[in-house]
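Single-structure report; data block below.
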Amino acid sequence: MTKRLILIRHAKSSWAEPGIDDHDRPLNSRGRRSASAIGAWLRKMGYQPDLVLCSTALRTRETCDLLALEAKVMHLPALYLAEAEAILSALQAATGKTLALIGHNPGIGDFATRILTETPPHGRFADYPTGATLVADLATDKWRNLDFASGRMVNFITPRELTGD
């Protein structure tokens, strides 16, 4: 039996207000379009999580809302700017068959690379741009047993592929 993980970097944030605290930065208009497009793509592909783990930052919460996934959402302070090990710990404490996690770079990109057994041949995977979404099947039957190098990529997409932005 496997678990499925949907790993999403928050959509493009706004830098229009200089001096605003990083945690409180909202999405810009491109980010809002991108988050909606990623959500529509996830629904079209049938990638439906049971639970969404989301950083508490405004831009991740807005991304989560615009994805419009029909799942319970848990906002976790530990995911704000989390490194790969903290992301792994959050997942190990989770339940459900399919989880989505919304976070930040560089941690989420590092985690995506480390959770897979093979690097995907996608030209943007290495930099994991805003809105990047990885769908992976994980060789574990319990989240608490999850470890690095246990995943197989099912799909990977960036918002630009959906919106042209």
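What 222 nm value per residue comes from the helices of the chain, counting each DSSP H run with n ≥ 4 as -39,500 (n - 2.57) and dividing by all residues, nearest 500 deg cm²/dmol?
On the way: 5 runs with 50 residues, N = 165.
So the calculated ellipticity at 222 nm is -9000 deg cm²/dmol.
On the beta carbon distance between Ala126 and Arg152, with R0 = 25 Å, the FRET formula returns roughly 0.90. Listed by chain and number, the lysines whose C-alpha is less than 18 Å from the C-alpha of Lys12, apart from same-chain residues fewer than 8 away, amount to an empty set.
The GNM of the chain, with springs linking C-alpha atoms under 10 angstrom apart, assigns the highest mean-square fluctuation among Asp137, Asp21, Asp50 to Asp21. Here the stretch 85-165 is assigned +1 on the Cβ of each Lys and Arg and -1 on the Cβ of each Asp and Glu. Its dipole about the Cα centre then comes out at about 180 debye.
Just to be sure I understand: of the beta bridges DSSP finds with both ends in the chain, what percent are antiparallel, rounded to 5?
On the way: 13 of 29 bridges.
Given both bridge residues lie in the chain, the antiparallel proportion sits at roughly 45 percent.
With springs only between Cα atoms under 10 Å, which of Glu83, Glu17, Glu118 fluctuates most in a Gaussian network model of the chain? Maximum among the listed residues: Glu17. Pro106 sits among other residues whose Cβ lies under 11 Å from its own Cβ, and their net charge, with Lys and Arg +1 and Asp and Glu -1, is -2.
Between Asp137 and Glu17, what is the FRET efficiency for a Förster distance of 41 Å, r being their Cβ-Cβ separation, to the nearest 0.05?
On the way: r = 40 Å, r/R0 = 0.98.
The computed FRET efficiency comes out at 0.55.
Each of Ile115, Ile38, Ile20 was scored by other Cβ atoms within 10 Å of its Cβ. Arranged with the fewest first, they read Ile20, Ile115, Ile38. Fewest-first ordering of Glu70, Glu161 by other beta carbons within 10 Å of each residue's beta carbon gives Glu70, Glu161.
Considering only the other residues whose Cβ falls under 14 Å of the Cβ of Thr140, what net charge follows from Lys and Arg at +1 and Asp and Glu at -1?
Values: positive: Lys3, Arg4, Lys97, Lys142, Arg144, Arg152; negative: Asp137, Asp141, Asp147.
For residues surrounding Thr140, the net value is +3.
Largest mean-square fluctuation among Ala94, Ala37, Ala16, in a Gaussian network model of the chain whose springs join Cα atoms under 10 Å apart, belongs to Ala16.
Got a sec? How would Met153, Met45 order by Cβ neighbour count within 10 Å, fewest to most? Show your work: numbers first, answer last.
Values: Met153 19, Met45 12.
The order, fewest Cβ neighbours first, is Met45, Met153.
Within straight-line reach of Lys72, meaning a Cα separation under 22 Å, sit the following lysines at least 8 residues removed in sequence or on another chain: Lys3, Lys44, Lys97, Lys142.
None of the figures in this text is laboratory data; all of them are computed from the coordinates on show. Being a predicted model, the structure only gives us computed values, none of them experimental. Because the Cβ atoms are built from the backbone with ideal geometry, glycine has one as well, and the counts that use them run over all protein chains shown.
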